[in-house]
Amino acid sequence: MSKYMYIIHQACSAWRRICFKNPKPTALWWSVNCHTGPDVFLHPNEPGAPRSQVTKRHRKERSSCQQVLECFDQQYSQELGDLWPSARAVLLDTHSWQYGVMLNRFTTVTGITQILQSQGFSTLLPQTLSNSKYQAGSLLPPDYIPKYPPNDSHLQPDNSSYELCQDLQSEPSLSLPCPTLQCYIHPYPLRFPSQPHRPGQLKQYYLLNAASLLPVLALQVRDGEKVLDLCSAPGGKALAITQCATPALLCCNEPDPHRQDWLAKTLESFLPQSLINRVIVSAQDGRSFGQSEAGTYDKVLVDAPCSNDRSWLYSCSSQQGEQRLKERARLPALQAQLLRSALSAVRPGGAVVYSTCTLSSSENCAVVETVLSDCPEADPEDLWEEIAIPLAKYFTFSPAHPGHGQTPHKPSLQPENGTLSSYRHRLGILVVPQPGKTWGPMFLSRIRRKK
Ligand SMILES: C[S@@+](CC[C@H](N)C(=O)[O-])C[C@H]1O[C@@H](n2cnc3c(N)ncnc32)[C@H](O)[C@@H]1O
């Protein structure tokens, strides 16, 4: 066993010892970078925690920012109704947050899959079992539903969503794209150590909020396509794209120089040279990209700058919280410009996926509605059947609600009949963090440019 594998093995064994001694897994400590790449690390007091990581990365537990929380309470209780109190509980309990381990198909991952499985991780996308280059069986039965440890009564799954979820599970499982994308998740908020950079060696896995994979699944990238990732840093979704298919060209655009460095490091650490040769890193303002490269791409991802509810809730000072709330008002205009630009950059017949990591309807379906209203060649597609139903046992979905956030709605996991329902499904789907399924927030919408 290599030194590195030994460290992972030790860390996992330590967790297993702790987790099965105590009814509730011990504390998680991390910082979250945008939607992806939670910086996961071990609590310093844990036996088996790698020392170098512990000393460098130990941070105090963060407290939430009151201004931001008040704003969320006001807006999300209106927009999400009954789902908000339990979503709020999850966002405020950082120890309950889960994360996924996306394997890197360009490395040998057999050892990692064995460790993950022995720790109770299972694959998020079951269809990978039959097709993957690196096969991995799940130790958990296919209908396994994560349950919260009994003493976390305040975080018990909401019953109504849970029952609906059971109904959806009896639906025949639909086939999702990306058979080579492998992501392991755990029913509990188990931490898995992040991999240190080693010159000349590719990393075997990337840690992320599993909901970040959904926009990539919706993009349906095929081998040989030209793909644009318009807002790319730190690169989690760009990596996920390369796990799904081998594009002829992947353009990763990021205008912020600091974040562009971060993106370049991510790509270098995960992709082999043969694929790096197909990747371009560009630094344009995404709003003008569509003009300069009109009709060029088969697929475009707009993972837009947004309120980022998880991280904004932990603004480091009330001043920063206030500043962010001011900034919030300006985001929908920027997001709409980015989406319009993406629709210009995609070829006729190609598809654009728009995503954010906020629950805010003014940054989600309202942006999509605004752009659709002045873009007759754009055709929104239904992701409810394609993504929400097959993955309902892992994520809590709420359909988009139209009307620029003014229409309070009763959240439902069940597809409804009628025009309003199909319109809502076509505007996009929202992943709402819930107890035991803490993934999200993540909104996604797919828009096809008519031929
Ligand atoms: C949500 S993050 C993207 C996360 C990334 N897709 C991933 O999965 O790792 C949004 C990114 O958009 C970038 N951004 C901000 N303004 C932009 C603009 N005008 N054009 C393009 N990108 C922009 C930000 O610097 C930030 O890196």
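Tally the residues that are within 14 Å of the ligand (Cβ to nearest atom) and touching a residue at least 24 places away in the same chain (Cβ under 8 Å), restricting the search to the range 280-298. Spell out the reasoning first.
Of all residues in the range 280-298, those within 14 Å of the ligand (Cβ to nearest atom) come to 281-293.
Next cut, touching a residue at least 24 places away in the same chain (Cβ under 8 Å) only: 281-291, 293.
Final tally of qualifying residues: 12.
State which residue is farthest from the ligand (Cβ to nearest atom) when the search covers only the range 340-358 and only residues that are under 23 Å from residue 209 (Cα atoms) and of a type outside the set (Val, Ile, Thr). Walk me through how you get there before you give the answer.
Keep residues of the range 340-358 that are under 23 Å from residue 209 (Cα atoms), which gives 352-358.
Going one step further and asking which of them are of a type outside the set (Val, Ile, Thr), we end up with 354-355, 357.
Details: 354: 12, 355: 8, 357: 6 Å.
Within the range 340-358, the match that is farthest from the ligand (Cβ to nearest atom) is 354.
Looking only at residues that are of a type outside the set (A, V, I, L, M, F, W, C) and outside any helix (DSSP H, G or I) in the range 382-397, which one is farthest from the chain's Cα centre (by Cα)?
Start the filter on the range 382-397 by keeping residues that are of a type outside the set (A, V, I, L, M, F, W, C), which leaves 382, 385-386, 390, 393-394, 396.
Subset that is outside any helix (DSSP H, G or I): 382, 390, 393-394, 396.
Numbers: 382: 19, 390: 16, 393: 16, 394: 12, 396: 13 Å.
Among residues in the range 382-397 that are of a type outside the set (A, V, I, L, M, F, W, C) and outside any helix (DSSP H, G or I), the one farthest from the chain's Cα centre (by Cα) is 382.
When you check residue 263 against the structure, is it of a type in the set (A, V, I, L, M), modelled with pLDDT of 95 or more, under 19 Å from residue 106 (Cα atoms) and within 12 Å of the ligand (Cβ to nearest atom), yes or no?
Details: of a type in the set (A, V, I, L, M): yes; modelled with pLDDT of 95 or more: yes; under 19 Å from residue 106 (Cα atoms): yes; within 12 Å of the ligand (Cβ to nearest atom): yes.
So residue 263 passes the test.
Tally up the residues in the range 224-251 that are more than 9 Å from the ligand (Cβ to nearest atom), not charged (D, E, K, R) and not in a loop (DSSP other than H, G, I, E, B), please. Outline the logic, then answer.
Going through the range 224-251, the residues more than 9 Å from the ligand (Cβ to nearest atom) turn out to be 224-228, 241-251.
Okay, now just the ones that are also not charged (D, E, K, R), so 224, 227-228, 241-251.
Filter again for not in a loop (DSSP other than H, G, I, E, B), leaving 227-228, 241-244, 249-251.
Within the range 224-251, residues that are more than 9 Å from the ligand (Cβ to nearest atom), not charged (D, E, K, R) and not in a loop (DSSP other than H, G, I, E, B) number 9.
I'm trying to understand the selection: among the residues of the range 194-215, which are over 21 Å from residue 108 (Cβ atoms) and either touching a Ser or Thr at 6+ places or on another chain (Cβ under 9 Å) or more than 12 Å from the ligand (Cβ to nearest atom) (or both)?
So the first thing to find is which residues in the range 194-215 are over 21 Å from residue 108 (Cβ atoms), and the list is 209-215.
Of everything in the range 194-215, those that are over 21 Å from residue 108 (Cβ atoms) and either touching a Ser or Thr at 6+ places or on another chain (Cβ under 9 Å) or more than 12 Å from the ligand (Cβ to nearest atom) (or both) turn out to be 209, 210, 212, 214, 215.
Can you tell me how many residues in the range 295-317 are among the small types (Gly, Ala, Ser) and at positive phi? Don't jump to the end; show me each part of the working.
To start, the set of residues in the range 295-317 that are among the small types (Gly, Ala, Ser) comprises 295, 304, 307, 311, 315, 317.
Subsequent filtering for residues that are at positive phi retains 295.
Total meeting the criteria: 1.
Identify the single condition in (1) away from the ligand (no atom under 12 Å from the Cβ); (2) at pLDDT below 95 that residue 311 does not satisfy, given that it satisfies every other one.
With (1) away from the ligand (no atom under 12 Å from the Cβ); (2) at pLDDT below 95 applied to residue 311, the lone miss is (1).
Could you grab the pairs with beta carbons closer than 7 Å, sequence gap of 6+ or different chains, first residue in the range 200-215 and touching a residue at least 24 places away in the same chain (Cβ under 8 Å) and assigned to a helix (DSSP H, G or I), second one buried (at least 24 other Cβ atoms within 10 Å of the Cβ) and charged (D, E, K, R)?
From the range 200-215, the pairs are 212/237; 215/237; 215/303.
Hey, can you tell me all the residues within the range 320-343 that are within 16 Å of residue 370 (Cβ to Cβ) and among the polar types (S, T, N, Q)?
Once the filter is applied, which keeps residues that are within 16 Å of residue 370 (Cβ to Cβ) and among the polar types (S, T, N, Q), the range 320-343 yields 335, 337, 341.
Is it true that residue 288 is at pLDDT 95 or above and closer than 22 Å to residue 379 by Cβ? Write out each step before concluding.
Values: at pLDDT 95 or above: yes; closer than 22 Å to residue 379 by Cβ: no.
Taking the combined requirement at face value, the residue does not satisfy it.
Return yes or no: is residue 341 crowded, with 22+ Cβ neighbours inside 10 Å, touching a Lys or Arg at 6+ places or on another chain (Cβ under 8 Å) and polar (S, T, N, Q)?
Working: crowded, with 22+ Cβ neighbours inside 10 Å: yes; touching a Lys or Arg at 6+ places or on another chain (Cβ under 8 Å): yes; polar (S, T, N, Q): yes.
So residue 341 fits the description; yes.
Please enumerate the residues belonging to the range 346-378 that are closer than 10 Å to residue 449 by Cβ and more than 24 Å from the chain's Cα centre (by Cα). Let's see the steps before the verdict.
Initial filter on the range 346-378 (closer than 10 Å to residue 449 by Cβ): 346-352, 375, 377-378.
Those that are closer than 10 Å to residue 449 by Cβ and more than 24 Å from the chain's Cα centre (by Cα): 347, 348, 349, 375, 377, 378.
For the range 303-317, state whether one or more residues are under 15 Å from residue 227 (Cβ atoms) and touching a strand residue (DSSP E or B) at 6+ places or on another chain (Cβ under 7 Å). Let's see the steps before the verdict.
Our first condition is that a residue be under 15 Å from residue 227 (Cβ atoms); within the range 303-317, this holds for 303.
Applying the additional criterion that residues be touching a strand residue (DSSP E or B) at 6+ places or on another chain (Cβ under 7 Å) yields 303.
Scanning the range 303-317, I find at least one residue that is under 15 Å from residue 227 (Cβ atoms) and touching a strand residue (DSSP E or B) at 6+ places or on another chain (Cβ under 7 Å), so the answer is yes.
Would you mention how many residues in the range 320-333 are within 21 Å of the chain's Cα centre (by Cα) and either under 23 Å from residue 225 (Cβ atoms) or not charged (D, E, K, R) (or both)? Don't jump to the end; show me each part of the working.
Applying the first criterion (within 21 Å of the chain's Cα centre (by Cα)) to the range 320-333 yields 328, 331-332.
Filter once more, keeping what is either under 23 Å from residue 225 (Cβ atoms) or not charged (D, E, K, R) (or both): 331-332.
So the answer is 2.
The values are calculated or read from the model by the stated rules, or taken from the named source; none is laboratory data. Because the structure is predicted, anything quoted here is derived from the model rather than measured. Please note: Cβ atoms are built from the backbone with ideal geometry, for glycine as well, and neighbour counts cover all protein chains shown.
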